[in-house]
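Report on the following structure.
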Amino acid sequence: MSLDRVINKLGSRIIRPSQYEVYIHFAGIQAFSENASGAIAWQEHVPDNGYLSMYAENVTMPGRQMLSRSNTTHGAAREIAYESAFSGEISITFRYSYDDPGMAAGIRRLMDYWMDSISDPVSGQVNYYNWYTTTMDIALVDSSVQDSFVTPFAIRVNEVYPKTITDIELGHALGEDYLRNTVTFAYRDYEYIA
């Protein structure tokens, strides 16, 4: 297959996985206002009103699957679908910077606070599900269009909350690296918004 044929079929504007936007609707988390233990001014730690693209080094787009079981009446077995399922988790690797006030550890502190709002670390009381979930938008961006935000593909992920915050590795041999860590989010489903 020649390069000319590929360009002719696909065009010169192939969608790149490095051009994306991530937005978490932090204002929709009711548990932030209900958390008694270790309360912080969480709004101070939300960068760019929830647009996390500059801080999100890697994002895992959610997948989907059909659950099936084998059915044999006679002859060869058939796989019969019985339920649609979404594939579990979204991972975002955040990078940290001193440039923004409160952001050096702000995202990490915000995620810790969100998890504390799910389950109070002092009392152990778990909040209501609808109080600690929110939505997240993930969009691919066409950067070839100047002075305009064009997205060929965007989804809204529903009922999102942080499930795991990974360790942050420190070390003297990491002098040329930068600080990052990954947060894994649970979610219920997603829908297309563009």
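Overview of results
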quantity	calculated
In order through the stretch 178-194: 3J(HN,Hα) via Karplus (6.51 cos²θ - 1.76 cosθ + 1.60), integer Hz, x for Gly, Pro	10, 6, 8, 7, 10, 10, 9, 10, 8, 8, 9, 7, 9, 9, 7, 10, 7
Peptide ranges 3-10, 187-194 listed from the most packed, as the mean C-beta count within 10 angstrom indicates	187-194, 3-10
Charge dipole (the chain, unit charges on Cβ, about Cα centre) - positive-most of Asn181, Ile107, Ser70	Ser70
Amide hydrogen neighbours beyond the local backbone of Tyr190, cut-off 5 Å, H modeled	Asn158
Total formal charge among the other residues, if their Cβ is under 13 angstrom from that of Ala194, Lys/Arg +1 and Asp/Glu -1	-3
Amide proton proximity set for Thr164, modelled H, under 5 Å, gap of 5+	Thr184
Square roots of 5 times each gyration tensor eigenvalue, C-alpha, the chain, largest first, Å	33, 27, 17
Net charge contributed by nearby residues that have their C-beta within less than 15 Å of Phe86 (K/R +1, D/E -1)	-1
Mean Cβ count within 10 Å, highest first, over the residues of peptides 62-68, 156-162, 17-23	156-162, 17-23, 62-68
Most mobile listed residue (Leu52, Leu170, Leu179) in the chain, GNM with C-alpha springs under 10 Å	Leu170
Integer Hz, Karplus 6.51/-1.76/1.60 couplings in order for the stretch 157-171, x for Gly and Pro	8, 9, 6, 8, 7, x, 10, 9, 10, 6, 5, 9, 8, 10, x
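Bear in mind these aren't lab numbers, they're just calculated from the coordinates by the rules spelled out. Here the structure is a predicted model, which is why all the values come from computation and not from measurement. FYI the Cβ positions are ideal-geometry reconstructions off the backbone, even for glycines, and counts take in every protein chain you see.
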